[in-house]
Structure formats: structure tokens, C-alpha cells
Amino acid sequence: MSAAAPIRTKRVLPGFTLSLGTTLLYMTVIVLIPVLALILKGAEIGPARFWAIVSSPRALAAFRLTITAALIATAINAVYGLLMAWVLTRYDFSGKRILDALMDVPFALPTAVAGLSLTALFSANGWFGQVLAPLGISIPYTLLGVAIAMSFTSIPFVVRTVQPVLEDLDPAYEQAARTLGASEFTIFRRVVFPQILPAYLAGCTIALARSLGEFGAIVFIAGNLPLKTEIAALLAFIRLEEYDYQGAAAIALVLLFFALILLLVSNRLQAWALRYKER
Amino acid sequence: MRPQSRLAPRILIGLAVIATLLMIVVPLVYIFAAAFAQGWRVYAQNILDPLTLHAIWLTVLVALIVVPVNIAFGVAAAWAIARFRFPGRSLLMTAIEIPFSISPIIAGICYLLLYGRQGYLGPWLEAHDIQILFALPGIVLVTLFVTSPFVAREVLPLMQAQGSEQEQAAVTLGASGWQIFRRVTLPNIRWALLYGAVLCTARAVGEFGGVSVVSGSIRGQTNTLPLHVELLFNDLNITGAFAAASTLTLIAVVTLLLKSVLEGRAR
Amino acid sequence: MKHGLIRAAAFAIGIGSAFPALAQDKILNVSYDIGREVYEALNPLFVAQWKDQTGRDLTIDQSHGGSSKQARAILEGLPADVVTFNQEIDVDMLAKGGMLPEDWRTKLPNNASPYYSLPSFLVRKGNPKNIRDWSDLAREDVAPVFPNPKTSGNGRYTYLAAYAYGLEKNGGDAAKAQELVKGIFANVPVFDTGGRASTQTFAERDIGDVLVTFEAETGAIAKQYADKGFERVTPSLSLFSAFPAAVVTANADKKGTAEVSNAYLEWLYSPEAQEVIAQNFYRVNDPEVTARHAAEFPEVKLVTVDEVFGGWDAVSKDHFAEGGILDQVFVNR
């Protein structure tokens with residue numbers, strides 16, 4: 001790799017070839033080639049068949065359910081995440097550190113374990129289910145159950161992207177607004193919120209991406225009713241079990257496409273957030 | 001305006017605490033409640049079951065392979081991206097994040113399409129009698145995929161923020177590459193590195209979707225702990241499932257404790 | 001729980017030997033979803049016998065899952081030495097994939113099916129909805145639970161049994177049979193991917209009025225959940241469900257395990273094994289064992305896939321292929 005030659009002054013440090021070479025090799029073997037295998041398989045299907053697979057009523061229903069539930073989950077986390085980030089950065093109270101540490105639980109807890117626990121809690125004779133059942137609310141095997149599982153596993157994303165931005169915010173603007181007699185809510189709406197908006201949106205985007213791809217927590221609670229509570233990732237899994245490789249690959253490709261789009265959006269948002277901060 | 005501003009924090013803190021109790025604490029506590037539902041003896045018996053012990057061992061083994069590899073990768077990627085400018089740099093940064101946003105199921109399908117008997121490399125692997133899927137290598141590979149961004153994600157921003165002045169100074173003083181890394185870079189990034197490693201471990205231990213595609217769930221062989229939870233659940237051994245789940249939960253809780261200690265150090 | 005303790009202990013003895021890597025013989029039995037208990041009970045007996053006969057230590061590893069999913073995994077490289085499935089087409093799938101000979105049915109007695117069962121019912125205590133036969137499942141007030149026929153052999157047998165009943169009651173009128181099956185499918189609240197998951201849904205989560213699954217499973221569940229008072233109901237007509245066994249010759253020959261694999265499957269026909277199998281609520285062909293357990297197995301009219309549907313190939317083509325009859329009753333509602 002002649003590119004490693006110290007042409008520019010930037011490259012006085014050693015290890016360029018070694019580190020970039022390792023990175024590229026590893027990325028190629030572990031990530032790119034397997035993803036390429038999926039894309040190749042998708043290309044073998046042919047556009048007409050591909051379209052037939054992903055536009056079949058069952059696949060459409062699965063995509064609709066996945067997206068709807070992911071949006072609900074993200075909405076829940078948008079509210080909860082903002083609340084938590086605000087409370088954890090702006091107020092002092094006993095138990096704050098514990099509350100802060102708890103935010104990472106969904107990240108560290110295996111998704112299958114979360115799914116197992118949530119399903120048992122919300123089942124008709126579970127702790128939550130007993131309270132909800134008399135009200136006529138049933139969570140397992142419904143859209144809501146899927147959304148709850150998704151929101152649990154993506155809790156940390158909004159909190160953890162907004163929190164550092166809130167911490168770094170210059171208090172001078174808020175002080176100024178307060179002196180001018182603005183109410184706390186107005187200050188938040190007019191002064192604080194615009195500053196955290198890029199990071200907030202980036203956090204929500206990652207939460208959405210994560211929800212769209214979530215599997216482990218959902219399979220326990222969803223009930224897998226085709227056309228009703230079957231998520232797209234599970235449909236891909238079922239297509240595999242039915243020996244339908246093209247079907248599995250086509251659905252997986254659509255999910256991959258969504259994931260990449262959201263990844264790009266969130267990267268853009270984060271770049272925007274960075275610029276906001278530097279300004 | 002004064003009274004309102006004193007009331008608002010209380011309401012918000014109250015809301016935050018209640019919501020967190022319902023959304024996070026109760027599901028966490030319930031796992032232990034269900035695991036001990038039939039008492040200590042049944043719990044111990046469930047944990048000491050040879051198949052559960054094997055699943056624990058396999059899961060630990062996978063983590064022991066995956067985490068060091070991803071630490072090496074994470075540091076290499078962070079070094080290359082944070083310390084040098086080269087064409088395609090931002091593309092590489094995005095590419096590193098890919099496994100983070102993809103469903104693990106898709107990761108599993110990718111590996112199946114590549115290494116399966118009917119996959120692109122299948123015939124070659126079979127001719128050479130190499131077993132990747134439904135064996136340890138397959139589980140390790142999928143877990144590597146899923147957890148690959150974690151260390152890089154933590155170390156990279158820190159190295160970017162710190163800049164390379166110290167390292168450049170070391171170069172001028174005639175230090176070798178390895179010396180610079182060990183004496184200058186590593187001490188600066190060690191907490192972020194450990195933090196990334198801790199997150200990577202948690203994710204490696206808990207990986208379910210991707211592994212379930214490539215493991216084959218052979219009892220006492222390729223059954224990782226999260227898969228074993230599902231298997232016990234399907235065996236109608238709910239208490240056993242929660243007992244196995246409780247060991248995973250314990251790992252998660254220890255992870256978080258480690259993390260908050262590390263964060264304290266980092267500040 | 002006492003029963004569970006004994007089982008766990010038997011299991012530990014059987015599988016505990018998975019740890020030492022010194023075991024001389026080692027085979028992998030890839031099996032259907034609800035076969036765990038019966039093989040947990042069977043394997044230690046065969047391991048002991050193999051030791052007596054040959055002086056060699058044997059380890060039998062088990063993998064359980066939906067039988068179609070398992071077949072796919074073997075085609076993808078899961079190194080199974082033997083398969084014990086609940087669906088012949090899944091073994092045929094392996095034959096087509098070159099994993100075992102096309103004439104596998106001739107390698108063992110009874111079409112290579114050491115035991116059999118039939119789709120049957122398990123209802124809640126006291127049978128409050130008075131469910132007696134297939135036609136009751138199509139009633140509007142009845143919610144049946146059974147696994148997805150697309151992924152589960154168990155679910156496919158249920159589908160075919162209901163269809164066969166519909167044909168029988170309507171003098172062979174396919175449209176009316178389809179109508180009945182459609183009515184039943186419309187009532188199912190949850191389709192799980194495997195038989196055991198459906199059992200969970202019915203027994204643990206209290207969903208549905210009747211669980212439709214193999215008679216063997218209804219027996220085991222009624223016993224395990226004795227406190228819930230589930231009752232077994234046998235329909236008037238059901239489908240003979242073969243549980244085929246075969247050596248996966250492509251793997252066994254390569255690994256040098258053909259001898260022990262064959263001996264293992266042949267042993268399943270021995271009186272000793274058949275007794276254990278019958279204790280697990282499967283029907284067997286051994287007349288003495290059958291006589292001993294006669295009370296467990298009520299009279300039922302059994303029809304076969306060959307008689308009613310003209311064989312598995314025809315079933316695959318007419319019913320399970322994409323856009324086939326199953327798709328029509330399953331999705332379009």
C-alpha cells in the first residue's frame with residue numbers, strides 16, 4: 001500500500017497501513033462479504049419475482065405492522081427519553097445515579113430475556129396483565145405487545161444521545177430568557193429544544209432502526225399471527241424454515257435497505273448536531 | 001412563575017421514577033421472582049443442570065473469543081480513522097455502524113447464504129470438510145458481526161476529541177509505534193476501551209436472533225445461554241427458563257455496575 | 001414436581017456424558033419439536049445397551065425443533081446422523097437433497113415408522129364448550145389452537161385430518177371440506193411456529209378452548225398439568241401420523257457412525273423401547289405393548305394420507321405448494 005507513504009504532514013504517525021489494513025480486512029470478512037451474499041441472492045431473484053414476494057399481502061402486512069409498531073415504540077421513547085434526559089441532567093435528587101444506571105438495562109439485558117419477562121408480565125395472569133385484563137386491555141399477541149417489546153429494547157438510544165447535549169448546553173441563554181420573564185415551558189420550547197433537536201432526532205432515528213430490526217424480545221410476545229402480529233424479521237425467519245430462500249432474502253433485503261437509510265439519516269443528523277454545537 | 005417552577009421538577013421527577021419503575025425495574029425484578037418461584041432448591045437444581053452449565057460455558061467461551069477480537073478491531077479502526085485522512089474515510093465510518101442498525105436475524109441469514117451447504121461457499125467448505133454453521137465457528141462469526149461496532153464506537157470519538165498532539169510529540173522524541181500506542185494512546189483511551197469492551201461483552205453474551213439462525217440448537221453442543229432460555233421455555237420448564245434467564249440478567253447487572261464504575265473513573 | 005425431578009435426573013445421566021470428549025461413539029439425533037421427553041427417556045437405555053453389547057461409550061446428542069426447520073438445517077449442514085421426524089415429506093426432502101437414499105422407507109419396518117400418533121384434542125376442565133369432533137372447531141364460539149402448518153409438521157397433520165374429516169362427512173365433496181377447514185382456521189387466535197409453542201399458548205397463557213396436537217402431546221400435557229384438569233378428547237376420525245426414522249447416510253458414512261446409527265433406530269422397535277414410547281402416549285405396533293396400554297388409546301377411525309389424498313407428493317402439490325389449497329384457506333380470510 002503505497003498510500004501509506006508520508007506524503008502529507010498529517011501522516012507522521014506510524015501504523016497507518018497496519019491499522020487501516022486490519023480494519024478493511026476485518027470489515028470485508030465479517031461484514032461486507034456476508035452482506036454481499038445477501039445482495040447477490042437478492043439479485044438472483046429478478047425484479048418481477050422480488051416485487052411479487054415483497055408485495056404479497058402477508059409481507060405487506062408484516063412490513064406495515066413492523067413499521068407501525070416501531071413508530072409507536074419510538075414515540076413512546078421520544079417522550080420517555082426526553083423526560084429522562086431532562087430529569088437526569090437538570091435536577092438533583094437521591095437515587096439519581098441508580099436511575100441513570102437503569103437507563104442502560106435494556107442494552108445489557110439479552111433481548112430474549114426481556115421478551116420472556118415482558119410476556120409473562122403482560123399475560124392474563126401476570127402482574128401487569130391482572131390489572132389490565134379487567135379493563136379489557138390485552139397486550140400479548142397484539143400490535144401493542146409488539147410495540148411495548150420494541151420500546152423496551154430501544155429505551156437507551158434517545159436518553160443517551162440527548163443527555164450529553166443537554167449537559168453541554170450553555171446556561172447563559174436560559175438565564176437571559178428567564179430574566180426576560182419567560183415561563184419555564186417557554187424557555188424549554190424556544191431556547192432549549194431547538195438546541196437539542198438534531199441530537200434528539202438522531203436518537204429517535206437510531207431507536208426506530210433498532211425497533212425495525214428487533215427480533216428476540218418480540219417473538220415471545222407477538223403470537224405470530226400471519227397478517228396480524230407477524231413482524232417482518234420473523235417472516236424472513238419463517239420463510240427460511242419453509243425452505244423459501246428467495247422469500248427470506250427478499251424480505252431481509254428490504255429490512256437491510258430500511259436500516260441503511262436510517263443509518264445515513266442518523267449520521268447526517270449527528271453531523272448537523274456537531275455543527276450546531278461548534279457554532 | 002416561581003411556585004410553578006418549584007412544582008414542575010417534582011412532577012417530572014415523579015413521572016420519571018414511576019415510568020422507569022414500570023418499564024425497567026419491574027421486568028428486571030420479575031425475572032428473579034419467577035426464577036425463585038419454586039424456592040432455592042429448584043433454582044439451584046435448574047442452574048446446575050448439565051445442559052444449563054454447558055450453555056453457560058459455551059456462552060462464556062464465545063464471549064472470550066469475540067471480545068478480544070473486537071477490541072483489536074475497534075482500536076485499529078479508531079487509530080486509522082482518528083489519526084489519518086484518506087479517501088473513503090467517512091464511508092468507512094458509516095460502514096462500521098452497519099451491524100448496529102441491521103436486525104441480527106438478517107446477519108444470520110447473510111451468514112447462512114454464504115456458508116450454508118447451499119450457500120456460495122458451501123460446496124467448497126464441504127469438499128474441505130470444514131464445518132462453520134451449526135458449530136462454534138458459525139456462532140462466533142455471527143456474534144463478531146453483531147458486536148463489531150461496540151469498541152470502535154466508544155474509542156473513536158474520544159480519540160478524535162483528544163487529537164494527536166501527544167502522539168506526534170512522542171514521534172519527535174523517537175518513540176516506536178508500539179511504544180507510542182502503549183505509553184501514550186492506551187492510557188488516554190483505556191476507560192473508553194474498557195467501557196466498549198463491557199458493552200461488547202453484554203451484547204455477545206445476550207445475542208439471540210442471529211445465533212438462532214446458525215446454531216442448530218444441539219443440546220449440550222451449540223446451545224448458547226439465550227437459546228437455552230427459549231429451549232427451556234419450550235420444554236414447558238418455565239421456572240428453569242427464568243433461572244437460566246436470571247444468570248443472564250445477573251451478567252447484565254454486573255456489566256452495568258462495572259460500567260458506572262468505569263464512567264466514574266473516566267470523569 | 002417429583003416427576004420432573006426424576007426426569008431431570010434421567011436426563012442428566014443421559015446427557016452428562018456430553019462433557020468428556022473421550023466418548024468413543026457420538027451421534028446426533030435431529031428430531032421434531034415435541035419429541036424431547038420421549039428421547040430423554042429412550043436414550044439412556046440405548047446407551048447402556050450399546051455399552052453392554054460393544055463395550056463402547058456412546059453419546060447421543062439431541063436437537064429438537066419444527067421438523068421442516070430441522071430438515072432445512074440438515075440440508076444446510078447440521079451434522080445429523082439420524083433423523084426422527086413426525087412428517088415423511090421432511091425425510092423425502094433430505095432424500096431429494098442427497099442426504100439419504102430415496103428408498104429410506106424400506107430400510108426399517110412399518111415404512112420406517114417405529115411408532116405413530118394422530119391429531120387429537122385437549123380441552124379445558126369439564127369440556128365447557130362441549131367439543132367432541134372436528135366440526136365443533138368451526139363453531140363460532142370455539143377458539144382452537146394449533147401450530148402454523150407452514151412451519152410445523154404437527155400443524156400440517158391437523159390441517160389434513162380436518163380436511164379428511166370434511167371429505168368423509170360430505171361424501172367426498174372437496175368444496176365443503178375446504179369450507180370446514182376454512183371455518184376452523186378463521187377461529188384460530190394464534191399460530192405458533194411449533195407444536196410446543198402452541199401447547200404453551202394453550203396451557204400457560206390460557207388462550208383458546210381446545211388444543212389440537214398429537215395424541216402423544218395431549219397425554220403428556222394432561223399429565224404435566226394435572227392440576228389444571230385438562231381433558232383429552234379423541235375425534236371420531238383422524239389421520240394416521242407416521243413418525244419416520246432414518247439414518248442420514250451422507251453424514252453417517254462420512255463420520256463412520258452408520259453402524260451405531262442403524263442399531264439405534266432398529267432398537268426403537270424392540271419391546272423395551274416400544275414400552276417406553278407407549279408410556280409417552282405414542283401408539284406402537286408391538287401387540288403386547290399395545291395390549292398393556294389399551295386403556296390409554298381409545299378407538300378411532302384412522303385414515304392415511306395415501307388413502308385420502310393419494311400420497312405425500314400429491315398433498316405437497318395440491319395443498320402445500322404456494323397458492324395451493326392451504327394458502328386459500330389460510331390467508332384469504
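Filtered by the rule that a residue be farther than 14 Å from B:Y111 by Cβ, assigned to a helix (DSSP H, G or I) and either at pLDDT 95 or above or not aliphatic (A, V, I, L, M) (or both), region A:40-53 gives A:G42, A:E44, A:P47, A:R49, A:F50, A:W51. Of the residues screened, B:V184 is not one that is surrounded by 23 or more Cβ atoms within 10 Å (Cβ to Cβ) and hydrophobic (A, V, I, L, M, F, W, C). Here A:L225 meets each of (1) touching a helix residue (DSSP H, G or I) at 6+ places or on another chain (Cβ under 9 Å); (2) in contact (Cβ under 8 Å) with a residue 24 or more places away in the chain with one exception, condition (1). Per the listing C:T193, C:T199, C:T151, C:T158, the residue uniquely under 18 Å from the mean Cα position of the chain (by Cα), away from every other protein chain (no Cβ under 14 Å) and not aromatic (F, W, Y) is C:T158.
Scan region A:256-279 for residues that are open to solvent by less than 20 Å² (accessible area, probe 1.4 Å) and free of Cβ contacts under 8 Å to residues at least 60 places away in the same chain and the total you get is 2. Before we move on, is B:E97 open to solvent by 60 Å² or more (accessible area, probe 1.4 Å) and within 12 Å of chain A (Cβ to nearest Cβ)? Taking the combined requirement at face value, the residue does not satisfy it. Evaluated against (1) at the interface with another protein chain (Cβ under 10 Å from one of its Cβ atoms); (2) touching a Phe, Trp or Tyr at 6+ places or on another chain (Cβ under 8 Å); (3) within 21 Å of B:N70 (Cα to Cα), B:A135 falls short on exactly one condition, (2). May I ask you to verify whether B:T143 is part of a helix (DSSP H, G or I), farther than 30 Å from C:K254 by Cβ and not acidic (D, E)? Answer is no for this residue. Scanning for something touching a residue at least 12 places away in the same chain (Cβ under 8 Å), farther than 30 Å from B:Q118 by Cβ and more than 10 Å from chain B (Cβ to nearest Cβ), does region A:123-131 turn up at least one residue? Scanning region A:123-131 turns up at least one residue that is touching a residue at least 12 places away in the same chain (Cβ under 8 Å), farther than 30 Å from B:Q118 by Cβ and more than 10 Å from chain B (Cβ to nearest Cβ).
Yes/no per residue for (1) closer than 30 Å to A:V254 by Cβ; (2) in contact (Cβ under 8 Å) with a residue 60 or more places away in the chain:
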site	(1), (2)
B:V42	no, yes
B:L48	no, no
B:T52	no, yes
B:T59	no, yes
B:V69	no, yes
B:S103	yes, yes
B:G119	yes, no
B:D129	no, no
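With respect to the stated conditions, A:G223 is modelled with pLDDT under 90, closer than 24 Å to C:S68 by Cα and more than 9 Å from chain B (Cβ to nearest Cβ). Only residues that are under 21 Å from the mean Cα position of the chain (by Cα) and either open to solvent by 40 Å² or more (accessible area, probe 1.4 Å) or more than 20 Å from B:T59 (Cα to Cα) (or both): list them for region B:233-263, please. Residues satisfying the conditions are B:L250, B:I251, B:V253, B:V254, B:L257, B:L258, B:K259, B:S260, B:V261, B:L262, B:E263. Looking at B:L53, is it away from chain A (no Cβ under 11 Å) and either open to solvent by 20 Å² or more (accessible area, probe 1.4 Å) or out of contact with any Leu (no Cβ under 6 Å at 6 or more places or on another chain) (or both)? Here the answer is yes, as B:L53 does meet what is asked. Checking each residue in region A:88-99 for being facing another protein chain (nearest Cβ under 8 Å) and either of a type outside the set (A, V, I, L, M, F, W, C) or surrounded by 22 or more Cβ atoms within 10 Å (Cβ to Cβ) (or both) picks out A:R90, A:Y91, A:G95, A:R97.
Pairs linking a residue in region A:228-242 that is under 10 Å from A:A62 (Cβ atoms) to a residue that is assigned to a loop (DSSP other than H, G, I, E, B), with Cβ atoms under 6 Å and 6 or more positions apart or on different chains, are A:T229/A:Y141; A:T229/A:G223; A:E230/A:N224; A:A233/A:F215; A:A233/B:S103; A:I238/C:T151.
Here's the yes/no breakdown for (1) within 10 Å of chain B (Cβ to nearest Cβ); (2) open to solvent by less than 50 Å² (accessible area, probe 1.4 Å); (3) within 19 Å of B:V29 (Cβ to Cβ):
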| residue | (1), (2), (3) |
| --- | --- |
| A:M103 | yes, yes, yes |
| A:I155 | yes, yes, yes |
| A:V162 | no, yes, no |
| A:P171 | no, no, no |
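Of all the criteria given as (1) surrounded by fewer than 24 Cβ atoms within 10 Å (Cβ to Cβ); (2) more than 10 Å from chain A (Cβ to nearest Cβ); (3) among the aliphatic types (A, V, I, L, M), the one not satisfied by B:V214 is (1). Filtered by the rule that a residue be surrounded by fewer than 21 Cβ atoms within 10 Å (Cβ to Cβ) and among the β-branched types (V, I, T), region B:56-85 gives B:I56, B:V60, B:I65, B:V69, B:I71.
Going through C:G183, C:G171 one at a time, which residue ends up being at pLDDT 90 or above, out of contact with any helix residue (DSSP H, G or I) (no Cβ under 6 Å at 6 or more places or on another chain), more than 14 Å from chain A (Cβ to nearest Cβ) and outside any helix (DSSP H, G or I)? Lay out the reasoning, then the answer.
Working: C:G183 fails: outside any helix (DSSP H, G or I).
C:G171 is the lone residue from the list that is at pLDDT 90 or above, out of contact with any helix residue (DSSP H, G or I) (no Cβ under 6 Å at 6 or more places or on another chain), more than 14 Å from chain A (Cβ to nearest Cβ) and outside any helix (DSSP H, G or I).
If only residues of region C:91-112 that are crowded, with 23+ Cβ neighbours inside 10 Å and under 17 Å from C:G311 (Cα atoms) are counted, the one that is nearest to the other protein chains (Cβ to nearest Cβ) is C:V91.
The values are calculated or read from the model by the stated rules, or taken from the named source; none is laboratory data. Treat the numbers as computed from the prediction; the structure is a model and nothing was measured. Cβ: placed from backbone, ideal geometry, glycine included. Neighbour counts: every protein chain shown. Keep in mind that these areas ignore ligands, DNA and RNA; they rest on the heavy atoms of the full protein, side chains included. Shrake-Rupley method; radii C 1.70, N 1.55, O 1.52, S 1.80 Å.
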